[in-house]
Amino acid sequence: MIILLASPIVLSALLLAAHFLRGGHAALVALSLAIPLLLLVRRPWAGWTISLSLSLGSLAWLFTLCQIAQQRLAMGEPWLRMALILGAVALFTGASALLPRAQRLVRHFSVGGGRAEGSRPPPVVDT
C-alpha cells in the first residue's frame, strides 16, 4: 500500500526534474530527483521535506503557467488548453505534497515504528 501512496510523489518529482532539465537548471534537476529517495529515510523530517519540496514545485508549475500564458496572450496565440494542462499538473503536484501527511505514510516516517515522536510505549502488564 505504501508503494501506491508513494507513486504520485515519484511521478511528481520526475515531472519537476524534466521541467527543470528543459530549463537548464541542473541543481534543481538533482534536487528533484532526490525527492523520491527521501521515501527511504524513515524520519519525520523526510516527510516534511517531501511535502515542502512538492509544494514549492507546485508553485513553480503555477509560475510557469503564468509566464507562458502571458507570452501567448501577447502573441495572440491560444492559451486555455496550456493553462488547463499546467494547472492540472500543478494540482497533481500539490496533492502529492499532501500524501506524506496521510496516516500510513506518517507511520512510515515516524521514528518509533508507528508511535508519535516523543510518546512512550504502552506499559507491559504481567499476568
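The values are calculated or read from the model by the stated rules, or taken from the named source; none is laboratory data. Everything numeric here is computed off the predicted structure, so don't read it as measured data. Glycine gets a Cβ as well: all are built from the backbone with ideal geometry, and neighbour counts include every protein chain shown.
Do we find a residue being closer than 14 Å to S12 by Cβ, touching a residue at least 40 places away in the same chain (Cβ under 8 Å), out of contact with any Lys or Arg (no Cβ under 6 Å at 6 or more places or on another chain) and surrounded by 13 or more Cβ atoms within 10 Å (Cβ to Cβ) anywhere in segment 61-70? So far as segment 61-70 goes, yes, one or more of its residues are closer than 14 Å to S12 by Cβ, touching a residue at least 40 places away in the same chain (Cβ under 8 Å), out of contact with any Lys or Arg (no Cβ under 6 Å at 6 or more places or on another chain) and surrounded by 13 or more Cβ atoms within 10 Å (Cβ to Cβ). Of all the criteria given as (1) at pLDDT below 95; (2) not in a loop (DSSP other than H, G, I, E, B), the one not satisfied by A74 is (1). Here R120, R107 are screened, and the one residue that is surrounded by fewer than 11 Cβ atoms within 10 Å (Cβ to Cβ) and either farther than 19 Å from S12 by Cα or at pLDDT 95 or above (or both) is R120. Here S55 does not qualify as touching a Lys or Arg at 6+ places or on another chain (Cβ under 9 Å) and either under 18 Å from A17 (Cβ atoms) or in contact (Cβ under 8 Å) with a residue 60 or more places away in the chain (or both).
Yes or no: V29 crowded, with 18+ Cβ neighbours inside 10 Å and either over 16 Å from P8 (Cβ atoms) or out of contact with any helix residue (DSSP H, G or I) (no Cβ under 8 Å at 6 or more places or on another chain) (or both)? Criteria met by V29. Restricting G47, G24, G76 to residues that are in contact with a Phe, Trp or Tyr (Cβ under 9 Å, 6 or more places away or on another chain) and not hydrophobic (A, V, I, L, M, F, W, C) narrows the list to G47. Within segment 92-109, residues that are at negative phi reach partners that are part of a helix (DSSP H, G or I) and surrounded by fewer than 14 Cβ atoms within 10 Å (Cβ to Cβ) with beta carbons closer than 6 Å, at six or more positions or on different chains, in the pairs H108/I2.
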